[in-house]
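The values are calculated or read from the model by the stated rules, or taken from the named source; none is laboratory data. On a predicted model such as this, the values are computed, not experimentally measured, just so you know. With ideal geometry, Cβ positions are generated from the backbone for all residues, glycine too; neighbour counts draw on all protein chains shown. Each accessible area value is taken on the protein alone, full model and side chains, heavy atoms only, with ligands, DNA and RNA left out. Shrake-Rupley method; radii C 1.70, N 1.55, O 1.52, S 1.80 Å.
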Amino acid sequence: MIISPSDNVIVSLSITLIEKFIELATLQRITPFNVIIKDLENIDNEGSTHNVTNTIQVFTNSPRPDSKSKFDRTNFLFTYDSISEVYEDVIKQWFGNDKNIIQIRSHLIDSIIAEKVFSSTSFLIVAQAIDGFWQRFREDKYRIQNKLNPKTRISFICGVKELYKEFKDNDYIAISDDDFLSIADSRDFYSHLLPIGKKKHVKEGTELFILYHSLRKLLICCTLDFLGVSKQTIKKIFLNSNSFVTRKEVRFI
């Protein structure tokens, strides 16, 4: 079989999408891996039919690590079993060509998967991802429902509040009115490098991390909802996940 340069691009993109989907499911970065694709083909040989498995092995370009990371399934966001009823639709949506999601698909996952060291930048990345999701998938409908002029500016925190209303039945997410004030001021403060004291409700350190923790769970809900997972199933996913990311409250040792 001859693979053209364009085929290489498609294979590379597909592997990247597989990696990102696994990162969403496991809530952690994954190491480079090989993909083996098996195609079951029916062969008709003189009236008798039998199956032949054609195997294609796809190698990633990245160097293999010296040791393999161990995954604890209880810390995953979800497994096949937890989304088996909608798995086919989820995969179709993930690999779909919706122009709205293509540009931000990887960014959404990168925003959910935390780096080892938390900083105000981590908070801003998640806030930006939520804002992007809101503007692409919810803002136009909100304008129509509320009969707003297309040129009317909708604030970042308005989008956060509306998304929270949509998913607040998930008991694992709790954002208070005071939290919304802090999210808005902290986002503006760290985004624009404002002078200290310019915003009254700015949080830092542990308090900022707690806000980040809530926003990240909201972003997970948004991403799963886009993939076609029902809100009831999303609640079950949070219930069955033992990940630090999905916990109701942040516990510091």
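Data overview
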quantity	calculated
Members of segment 1-15 found to be open to solvent by less than 50 Å² (accessible area, probe 1.4 Å) and modelled with pLDDT of 50 or more, listed by number	S14, I15
Pairs with Cβ under 8 Å, 6+ apart, first in segment 93-108 and in contact (Cβ under 8 Å) with a residue 12 or more places away in the chain, second surrounded by 14 or more Cβ atoms within 10 Å (Cβ to Cβ) and not in a helix (DSSP H, G or I)	Q93/L227; Q93/G228; W94/L227
So I130, is it closer than 22 Å to Q28 by Cβ and touching a Cys at 6+ places or on another chain (Cβ under 8 Å)	yes
Exclusive hit being in contact (Cβ under 8 Å) with a residue 12 or more places away in the chain and more than 20 Å from V250 (Cα to Cα), set K199, K203, K165, K217	K199
Of all residues making up segment 152-193, the number that are acidic (D, E) and surrounded by fewer than 14 Cβ atoms within 10 Å (Cβ to Cβ)	4
Hits in segment 143-165 (condition: part of a helix (DSSP H, G or I) and among the aliphatic types (A, V, I, L, M))	I144, I157, V160, L163
Single unsatisfied condition, I234 versus (1) open to solvent by 10 Å² or more (accessible area, probe 1.4 Å); (2) out of contact with any Phe, Trp or Tyr (no Cβ under 7 Å at 6 or more places or on another chain)	(1)
In segment 194-231, residue least open to solvent (accessible area, probe 1.4 Å) [restricted to those that are outside any helix (DSSP H, G or I) and on the phi > 0 side of the Ramachandran plot]	G228
Filter result (open to solvent by 80 Å² or more (accessible area, probe 1.4 Å) and within 20 Å of I101 (Cα to Cα)) within segment 139-151	D140, K141
Residue match in segment 122-138 (condition: in a loop (DSSP other than H, G, I, E, B), open to solvent by 20 Å² or more (accessible area, probe 1.4 Å) and not charged (D, E, K, R))	no
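A quick yes/no check of all residues on (1) under 28 Å from F226 (Cα atoms); (2) in contact with a strand residue (DSSP E or B) (Cβ under 9 Å, 6 or more places away or on another chain); (3) open to solvent by 40 Å² or more (accessible area, probe 1.4 Å); (4) modelled with pLDDT under 55:
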{"site": "I30", "(1), (2), (3), (4)": "yes, no, no, no"}
{"site": "D39", "(1), (2), (3), (4)": "no, yes, yes, no"}
{"site": "R64", "(1), (2), (3), (4)": "no, no, yes, yes"}
{"site": "N75", "(1), (2), (3), (4)": "yes, no, yes, no"}
{"site": "N100", "(1), (2), (3), (4)": "yes, no, yes, no"}
{"site": "I113", "(1), (2), (3), (4)": "yes, no, no, no"}
